[in-house]
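Participant: Pasting a structure here, questions to come.
The numbers here are math on the coordinates, done by the rules we state, and not lab data. These numbers were taken from a predicted model, which means no experiment stands behind them. Cβ sites come from the backbone with ideal geometry, for glycine too, and all protein chains shown count toward neighbours.
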Amino acid sequence: MADLTVWAPAKINLHLEVLGLRRDGFHELAMVMQSIDLLDTLQLSPTADGGITLSCDNPALPVDGDNLIVKAAALLRSRAGLPELGARIHLQKRIPVGAGLAGGSSDGAAALVGLNTVWGLGFAPEDLLEMAATLGSDMPFCLAGGTQLCFGRGEVLEPQRDGGSADLAVLLLKHPDASVSTPWAYRLCREQRQHTYLHTEVDFARRRDALRQSPLLHALGPGGRAGLALPPLRNDLQQVVEPEVASVRAGLELLRQANGPLAVAMSGSGPSVFALFGQLDQALAAQAALAGGIEAGGFVSWACRLRPRGVSLEG
Ligand code: C5P
């Protein structure tokens, strides 16, 4: 069994609409999720000693059973019914933690794909999707990634093929001391916005259809190209998190001063914020032009392209 390197990309939300509450206590969502070229790397070395050990270049990250990589490995092994399977896994962390960029979910998705390969298990993509959904709402998207509509609690996927978003790029900002708990953001949303929630499947279905037909998808789809004006991006969690988190407000304000962004928004439950540009050199130019403000605000910044796929094996 040979070693394997797997790439785990971050995602941003180009649309996050809270439709209502579900019977399982989660929120019913309508989202457009987009992979970006900000990547963690997993190096997998299979063993036959039944041990799963994780190491990480970021000492702040838990490497025990709380880590989604370890959970994913344990679930895959138990579904295979082969307790003797083991692995040493090293994670090189580049995606900021607790940022609303699904870094942990993408790492878990990369572990599912990579270990399925190095352990020679042969699970089909549908099997991996089902396992991913039991581990986290964002994890199914992270498997195939690219541009996808995500419904349900995030796990009901409609991939958008041949999107025109390939040239688009993003400038991301995150304050290293800021972190937002996803359950907290959804709780706040429920407290403040529950009066706007829809209650019937018919109403949910109508909103899903509206998103499928939305100007945003037209702009991202075939024929819609960079430079075409994007509509303002909607993130219902931004409505409740922005007033509470100073670095989100400051980051959005800074990005709005950039030259020519197509749109500016918070990703997921935050606190990372991003500006979309028609091309990578525009994102890099904005990063250079805003360097003073980025430093003064204490932000870390990344400029990268959107990515047409999710988890991928090296080579
Ligand atoms: O599934 P995941 O572990 O990412 O969800 C984290 C938390 O975010 C959930 O426990 C829940 O509080 C909230 N959540 C939600 N509705 C969703 C997704 C997440 O309320 N669709």
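Participant: Sum up the charges of everything whose Cβ sits under 10 Å from the Cβ of residue 102, counting Lys and Arg as +1 and Asp and Glu as -1, but leave residue 102 out.
Facilitator: Net of charged neighbours comes to -1.
Participant: For a quick check: sort 290, 44, 313 by the number of other beta carbons within 10 angstrom, fewest at the front.
Facilitator: Arranged by neighbour count, lowest to highest, 290, 44, 313 become 313, 290, 44.
Participant: Among 144, 263, 80, which one shows the biggest mean-square fluctuation in a GNM of the chain, springs joining Cα atoms closer than 10 Å?
Facilitator: 80
Participant: Rounded to the nearest 500, what is the 222 nm mean residue ellipticity of the chain from helices alone, with -39500 (n - 2.57) per DSSP H run of 4+ residues and division by all residues?
Facilitator: -10000 deg cm²/dmol
Participant: Give the whole-number value, in cubic angstrom per residue, of the convex hull volume spanned by the C-alpha atoms of the chain.
Facilitator: 130 Å³
Participant: Report D for the range 4-159 in µm² per second (integer): Stokes-Einstein, Kirkwood Rh on Cα pairs, 10 °C, 1.306 mPa s.
Facilitator: 101 µm²/s
Participant: Quick one: length gained pulling residue 84 to residue 190 fully straight, 0.36 nm per residue minus the C-alpha distance?
Facilitator: 33.7 nm
Participant: Here's a follow-up. So which trypsin sites (Lys or Arg not before Pro) in the range 18-93 pass both tests, a DSSP loop state and at most 10 other Cβ atoms within 10 Å of the Cβ?
Facilitator: Those that pass, being in a loop and sparsely packed, are 23.
Participant: Then there's this: Might you report the magnitude of the Cβ-based charge dipole of the chain about its Cα centre, with Lys and Arg at +1 and Asp and Glu at -1, to the nearest 20 debye?
Facilitator: 540 debye
Participant: With a 10 Å Cβ neighbour count serving as the proxy for reagent exposure, in which order, fewest first, do 131, 31 appear?
Facilitator: Arranged by neighbour count, lowest to highest, 131, 31 become 131, 31.
Participant: How big is the convex hull of the Cα atoms of the range 169-305, per residue, in Å³?
Facilitator: Each residue corresponds to 110 Å³ of Cα convex hull volume.
Participant: Helix 201-212: angle to the longest alpha-carbon principal axis of the chain, degrees 0 to 90, nearest 10?
Facilitator: 80 degrees
Participant: Would you kindly state the longest site-free stretch of the chain, with sites defined as GluC sites (Glu not before Pro) in a DSSP loop (not H, G, I, E, B) surrounded by at most 11 other Cβ atoms within 10 Å?
Facilitator: It works out to 85-313.
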